[in-house]
Each structure stands twice: as structure tokens, then as C-alpha cells.
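Take a look at the structure set out below.
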Amino acid sequence: MANFGNFCLILSLCLSLYALIAALVGISQRQPRIIRSAENAAYSATGIITLTFLSLVYLLATDDFSVAHVASTSNRALPIFYKVAAVWGAHDGSMLLWVFVASIFSGLAIYQNRRRYREMMPYVLAVLMVNLSFFLLLNLFFSNPFHRLVQVFADGSAGPFLPADGQGLNPILQHWAMVIHPPIQYLGFIGFVVPFAFAIAALCSKQMGDTWIRTTRRWTLLTWIFLGVGLILGGKWAYVVLGWGGYWAWDPVENSSLMPWLISTAFLHSVIVQERKGMLKVWNIILVVLAYLLGVFGTFLTRSGVVSSVHAFADSNLGKFFLIYMAGVLAASLYLVIDRRDYLKSERRLDSILSRESAFLFNNLVLVVACFAVFWGTMFPVFSEWVRGVKITVGPPFFNNINIPIGLLLLFLTGVGPLFAWRKTSPKSLRRSFLWPVIFSAATCFVIVAAGMRNFYAVCCLTLCAFVLIVILEEFIKGTFIRIRKKGENPFSAFVNLTLKNKRRYGGYIVHFSIVLMFVGFTGNTFNREATRQMEPGGEMEIGDYSLKMTGYEDGQTANYDFGKVVLDVYRNGKVIGTLKPERRIFKTGSGQMTTTVALHSTPKEDLYVVFAGMSHDGSTFEIRANVNPLVYWIWFGAAMMVFGTIITLLPNKRSVVGSRQ
């Protein structure tokens, strides 16, 4: 099966290169038949790459330890769903996952538009095949997951080597979130290739209207939400597996996922201005190029060894190839933008600073500044080592000091955007629009300060959350009452039909509401509390309103690891509210790595977060670390609302689905 996988990699590379060359020849000679053959070759490449991916899954599922990737990432005791996750448990398999996802996206994009945009599609096909061929080349020659193990005998000859068992999947990756987090993250990273391909095709074919934007809007939204969900799942994994008490540490690889999400968020807002007003054409091209390149950059960070991260793979020789590729893509894109600048002129100018166009533009600028700040902080240790020979570490305080004010400004712009009219907003309209949001947010500020909150950023954040919330509610309430008055619908029908008749607008408001919920959750980080104590059976510790009493210790083993659990009864205000069992695991394979499994008691108000941090040599005392983390629940709930709002936005507009009152 390993030989079959290698054969499939070679064949898919040949098909991708043929599709690229045939598309370019078809463009130059204006031969539709050649272009069709290029499309068929792209479909075939997608099918062959799928077989390649399934070959690696089969090798892992059947414990073929003669293959280096299988031996290094799996073992016989590993549950089957973790064996599948072992595909991306090392950099060669994760590169194959990248190729697989890229081929699926390429095939879908080509098939979806096989009868449309015939002047642009050959260019789209060519760009997609350049991307696919590059990663196939890396996968085949530099990061091949089908390499077999060999042993060298005393006489210098070599032969195949079959270990009795594998080293097993990295223990910290053996969690449900890490089974689905990397594929979802890759869907986000790779999905930007489709909007990028259409943007380059629009430049090449000189069709610089909003056709390419309308065609790729849903692609961009899907990619954006995949990347957002990937970020949240990564945060959830860090929260419950790493045992350090938080969900975001400004780790370089975390940052590499955040950067394209910020740029794609700017793009999603910016395209609205181009569609409605014919403005920001150059800006949108630049944003989509940056989004694609930042996706590739994230892959570069995890494989180049230039940064240290719990998420990064071991140092490899792929970094220089990524840098050359990214430089080539950037140079070609900038050349096309400069060469086609006459076709990228805005159809209108900005009429007023007090307009919705202006709010979108400021929103874009702030998002790009946030992205640059994250990029600079992430890469500064690398730059400092290159320039001065000394690696200067940039920690969370830098990112917090820069990005918390930026985040609050973005939150403010989220609220004020809907209050402005297109083109120009009159002072009278502005006063009327701002009246209730300002009153409500001011009242919120007064209440939380009177309740004793003194942290400046926390007060600002909750005040702005109240401001944005009332703006969103006003939008829904006004629209609902208009439908009640004009259509005669009951309030529920009017609300549902309002949302479903204009999904893009009101789905966007639901996404904005989810951002408010997540900011509320982020604010809770200001008030985290932590306590650590050495406990013995019958001992107690206090943290906040909680009391933890140790009632026992349990140990045992599975085929994969040995475990120990501390049993804690949890009291709040003198009443038992549950039992928590924080756990430590020592894995039998590899180097006997130890991991923690956090015990959580979660409510909308706060999480009680308990870690079994260690035990004495004689087993008489146990180190327990407990955290009270306020409002974390709202981060995960806000993420679910973000997915819901995006799904609403993605649905096509249809007629009312809830009947009117007769």
C-alpha cells in the first residue's frame, strides 16, 4: 500500500502539471477543448489524491509499522479515531492533508463554475494548479509520508525494517478537539486559495467588476468560519489538556491562525463597499492576496523551525521553499495590480467621514493594524536574531498591551457601523441613532462601577458590549415592527421572516452578537483567581466561593496509558455541588510522556478549573491547583452563535417561510 501511495502522489503531480500547462496553452490559443482537458485532468488529480490520502489512513489503521510515518505516530494500543488523527500527527502526513484538502477545494471550485465565467475560469484553473503542484512537489520529494524504514546490517547492506510496535501519537494530541481541530484549521488556511484564484483571474482577464467577489463570497465566508472554529477548538484544547489555566497564550502558531482570520474579516466587510459603491477595488485584491499568503505563512511557521511552539513540528528543510513560493506569489500579484491599475479605479469617492463606507474603511484599517501587530510580535524574535544575532523573546504582555486597545476599538466600530447611513449621515439622524445605545451603555457603565469594578479595560469592554448589543437589538426590533405594520404578520413571524428575507444583513448581526458574547468572556480573564495546595485524603482547600475536599485517589491502566485520579468533593456556600476527578496519565509508548486531564465545573458565571499537578514520592500528598475563571462559558457559547449566524448568512434568500396572519 505504501508503494501504491507513492505511485498516486507521482500520478497526481503529473496530472496537476498537465492541467496547469493545458490551461495556459488553452488560454493562449483560445482552444476550449484544451481547457476542458485541463479541467478533466484537475478532476482526475483530485480523485487520485483522495486515493493517496486513503492509502495513508489504511496503513495507519492496519498498523503497518514498516512505514516511517506510521511507526512514529501510531501504535497498536491507539484507538482507531486517534489512528486516523495520526495522519496529521507529523509534518509529512499533515502536508498530505494540506494537499488533499487543496485538491478537494480545487475540484469543487472548477466543477461549480464549469459553465460560467469562461473567460476567467482557465486562469482560475491555472492558479489552483500552481498551488496544488507546489505542495505536491514538497509532499513527494521532501515530506513523503510513505517512506519505509530500513535497517543497516553489519556488512553494510540495507533491508526493510519492521518494528514490533510504533512510538504512538503525541499524548497531548490525544484529545477529541485535536482529532477535528487540524482538519478544520486546514480548511480555513487552504480555502483562501479559491478567492485568491478568482482575484488573480479577474486581474488577468481584466474583468474587475464585482463578479469575482460575488462568485467567491460564500467560499470566503466558509473559509472564515472554518478558521474561526479552528481557533476556538485550539483554544478549547489548550484549556482542557495543557492544564495551565488559560485558552490563549499568543503562541506563534496560534498567532499564525489569527492573522488570516483578521485579514479575511476585513475582506468580508470591504467587499460590501465594492458591491454597493464600486470602491476599494485595489484594497480588496490586496486583502485576498494577503489572506492566502498568510495561510501559507501559517504552514511555513509550523514546518520551518524558525519559531518555538507546542504546536510546531520538528525542524525541517521546507522553510526555504515556502519563502521562495510566497515571494513569487507576492511579486506576481503586485505586478498584476500595478499593470491593471487603470481597471481598478474606484467608481465613486468617499462623500463623508460620517458614512457607512467610512466606518467600513476604518474597520478595515484597524483589522490590518491588528494583524500587523500580531505578525510583528510573532516574528520579532526571528528578526532580532537575523539582525543582531540575539533572539529577543516577545511575550503575552506585548500582545495584550497592543491588541486589547485595538480590540476595544474594533468592538466600538462594530456598534457604530450600522448607525451610519450610506454616503452621508446628517447630524440629526446621528443623534437619533446614538441616543438609546449611549444611554444604555452609560447605564451599564454606572452599574458595573457602582458594583465595585475598577479595571479600566474591563469597564470599557463591558460598556462597549452593552453599546453594540443595543444597536443590534434596535436593528432587529425596527425591522420586525416594520414588517408587522406593512405585512400584518405576528411578532414571531415578522422576526423570523425579517432574518430569512435578508440573511446576509441579519446573519451578520447575529455574528456581531456572537462577538459581543466572546468579548464578555474575554473580560472575565481579568478576574481569574488561582490557588495551589498539597493535599492528603480528608484535606480541604478554599478558592473563591468553593471548597474542595479530597475524598480519595483512584489509579489504573488502559492499553495505552496508566492513570491516577484525585477525587474531590466540591462545595459552594456549604452545599455539595458535585465531584471532580482531575487526572494524570503516563503513556506507555515513546518516552513515557505525562499529561493532565483537567476537571471542570462550568457555569455561565465562572469555571472551577482543577488540575492534578503532582504527588509526593511516597504517594501521601497530592498537589492540586485550582482556578476560578469567570465568564469563560460565554466564549464557547459565543463561538456557537458565530457558527449559527454564519450558517444563516450562507443560506440563499427565499420567500418568507413563516406565514402571515390572515
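Any read-out appearing in this document is the output of simple, stated calculations on the displayed coordinates, not a laboratory observation. For clarity, every value in this text was computed on a predicted model and none was experimentally measured. All Cβ positions, glycine included, derive from the backbone under ideal geometry; neighbour counts span all protein chains shown.
Based only on Cα atoms, what Rg/Rh ratio does the chain have, Rh being taken as Kirkwood's radius?
Values: Rg = 27.4 Å, Rh = 27.6 Å.
Using only Cα positions, Rg/Rh for the chain is 0.99.
For Thr73, what is the net charge nearby, where nearby means another residue's Cβ is under 14 Å from its Cβ and Lys, Arg count +1, Asp, Glu -1? Write down the numbers at each step before the final one.
Details: positive: Arg76, Lys83; negative: Asp63, Asp64, Asp92, Asp165.
Once positives and negatives cancel, what remains is -2.
Quick one: Lys277, Lys206, Lys549, fewest Cβ neighbours within 10 Å first, how do they rank?
Working: Lys277 20, Lys206 12, Lys549 17.
Going from sparsest to densest Cβ surroundings: Lys206, Lys549, Lys277.
I'd like to compare 425-432, 101-108, 161-168: which one has the highest average count of other Cβ atoms within 10 Å, and what's the full order after that? List each step's numbers first, then the result.
Values: 425-432: 12.0, 101-108: 22.1, 161-168: 15.9.
Packing proxy ranking, top to bottom: 101-108, 161-168, 425-432.
Could you tell me the extents of region 114-199's C-alpha atoms along the three principal axes, largest first, rounded to whole Å?
The principal-axis extents, from largest down, are 63, 36, 18 Å.
Quick one: Val368, Val447, fewest Cβ neighbours within 10 Å first, how do they rank? Could you put the intermediate results ahead of the total?
Values: Val368 17, Val447 12.
With the sparsest Cβ surroundings first, the list reads Val447, Val368.
In a shell of Cβ-Cβ distance under 12 Å around Asn528, excluding Asn528 itself, what net charge do Lys and Arg (+1) and Asp and Glu (-1) give?
Details: positive: Arg529; negative: Glu530, Glu606, Asp607.
Cβ neighbours under 12 Å give a net charge of -2.
Cα-based count: Lys pairs in region 175-379 below 24 Å, eight or more positions apart or different chains? Spell out each step's value before the answer.
Details: Lys206/Lys277; Lys206/Lys281; Lys206/Lys345; Lys277/Lys345; Lys281/Lys345.
Final tally of qualifying lysine pairs is 5.
Mind checking which lysines have their Cα closer than 20 Å to the Cα of Lys487? Skip sequence neighbours fewer than 8 apart in that chain.
Within the straight-line limit of under 20 Å, Lys487 reaches these lysines: Lys478, Lys501, Lys503, Lys654.
Three principal axis extents, largest first, for the C-alpha atoms of region 234-280, in Å?
50, 16, 10
List the lysines whose Cα sits under 16 Å from the Cα of Lys575, skipping any in the same chain fewer than 8 residues away.
Lys549
Compute the semi-axes of the equivalent ellipsoid of region 202-257, taking the square root of 5 times each eigenvalue of the Cα gyration tensor, and list them largest first in whole Å.
Numbers: eigenvalues 273, 27, 7 Å².
Equivalent ellipsoid of region 202-257: 37, 12, 6 Å, largest first.
Just from its helices, what would the mean residue ellipticity at 222 nm be for the chain, if runs of 4 or more DSSP H residues each count -39500 (n - 2.57) and the sum is divided by every residue, rounded to the nearest 500 deg cm²/dmol?
Here the helix-only value at 222 nm equals -21000 deg cm²/dmol.
Output the Kirkwood hydrodynamic radius of region 528-635, Cα pairs only, in Å rounded to one decimal. Don't skip to the answer; put the middle values down first.
Numbers: mean 1/r = 0.0693 Å⁻¹.
Computed over Cα pairs of region 528-635, the Kirkwood hydrodynamic radius comes out at 14.4 Å.
Any chance you could list the semi-axes, whole Å, largest first, of the equivalent ellipsoid that the Cα gyration tensor gives for region 1-148, using √(5λ)?
Semi-axes from the Cα gyration tensor: 33, 13, 11 Å.
About the Cα centre, and with charges only on the beta carbon of Lys, Arg (+1) and Asp, Glu (-1), how big is the dipole of region 54-193? Nearest 20 debye, please. Mind dumping the intermediate values first?
Working: 7 positive and 6 negative charges, 134 e Å.
Result for region 54-193 is approximately 640 debye, rounded to the nearest 20.
Which of Phe53, Phe375 comes first, and how do the rest follow, when ranked by fewest Cβ neighbours within 10 Å?
Working: Phe53 22, Phe375 17.
Exposure proxy ranking, most exposed first: Phe375, Phe53.
First select every other residue whose beta carbon is under 11 angstrom from the beta carbon of Ser346; then total the charges, Lys and Arg +1, Asp and Glu -1. Don't jump to the answer; show the numbers that get you there.
Values: positive: Lys277, Lys281, Lys345, Arg348, Arg349; negative: Glu347, Glu357.
Residues close to Ser346 contribute a combined charge of +3.
When N counts the residues of region 338-389, how does its alpha-carbon radius of gyration compare numerically with 2.2 N^0.38 Å, as a ratio? Intermediate values should be presented prior to the final figure.
Numbers: Rg = 17.8 Å, N = 52, 2.2 N^0.38 = 9.9 Å.
Against the empirical 2.2 N^0.38 Å value, I get 1.80 for region 338-389.
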